[in-house]
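Following: one structure in structure tokens, then a few remarks.
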């Protein structure tokens, strides 16, 4: 196996990654080998090049002409490539809402899990993916203006070190090819979840805002459309590219989809009753716009 080129596409944008050698190709395959091959109809937003400077030497990662990383650590260069490639896919201009959110689905009906770092978004996404939901993403979800049809960027799930016990058990059960160490934690391939579909598209039916607080009691509570819109604005990645900073898009979603906050202090609190309530809520009639 020598050099290779892979194109990664998401929500009308693409990036190209050129690999100069077998080691670099293996890194890219472990990050993105689960994604379907992208066609060449979308000009790449950015070109990445990854390779060793000599056999067994340091890796060098470039984005266009900018050196992003040089060093011997495969884990570091993998984490850097994932971070930079996600960034390039996120900054492209689009007509719709790009949310920083996890997303899981059941039968093509999706639960959006927006949240800031530290809110428990990735942890809750991982738990639901272990309990009969399909993993779509833990990072980026795109919804076109005036639509609840979504496209998720199905990257590896990024688990920080010190993960709660149920998530750590998933790490222990996974095979070596499905889990990559990084300086800050682990990257889990979607294949680790052994799910029923590789689809990254679904219909949004429910919004859940995760809220992890140490020592908190479990609470799953509905919230108003006004609060939903404000919280979605806080997770809107492309607000500066949209009219009124995306207020129309987030308001539409808030008026259309039922929304809850899920607070917990320990993952052991989230059991079958919560999973079943979320499954029932996926079938909850939507709010009537304007009410």
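Restricted to the range 180-290, the set of strands (runs of 3 or more DSSP E) holding at least 1 residues that are buried (at least 19 other Cβ atoms within 10 Å of the Cβ) comprises 185-188, 201-212, 259-264. Considering 119, 101, 105, 129, the condition of being touching a strand residue (DSSP E or B) at 6+ places or on another chain (Cβ under 6 Å) and at pLDDT 95 or above is satisfied by 101 alone. May I ask you to verify whether residue 50 is crowded, with 19+ Cβ neighbours inside 10 Å and either in contact with a strand residue (DSSP E or B) (Cβ under 9 Å, 6 or more places away or on another chain) or over 26 Å from residue 186 (Cβ atoms) (or both)? Answer is yes for this residue.
Entry remark, the range 37-47: residues being touching a residue at least 40 places away in the same chain (Cβ under 8 Å) and exposed (fewer than 15 other Cβ atoms within 10 Å of the Cβ) number 0 in total. For the range 7-22, which positions are touching a residue at least 40 places away in the same chain (Cβ under 8 Å) and either assigned by TED's automatic domain parsing to the domain that holds residue 198 or touching a helix residue (DSSP H, G or I) at 6+ places or on another chain (Cβ under 7 Å) (or both)? Selection gives 8, 10, 13, 15, 17.
The values are calculated or read from the model by the stated rules, or taken from the named source; none is laboratory data. Keep in mind that this is a model prediction, so the values were computed, not measured. Counting neighbours? That spans all protein chains shown, and the Cβs are built from the backbone with ideal geometry, glycine included.
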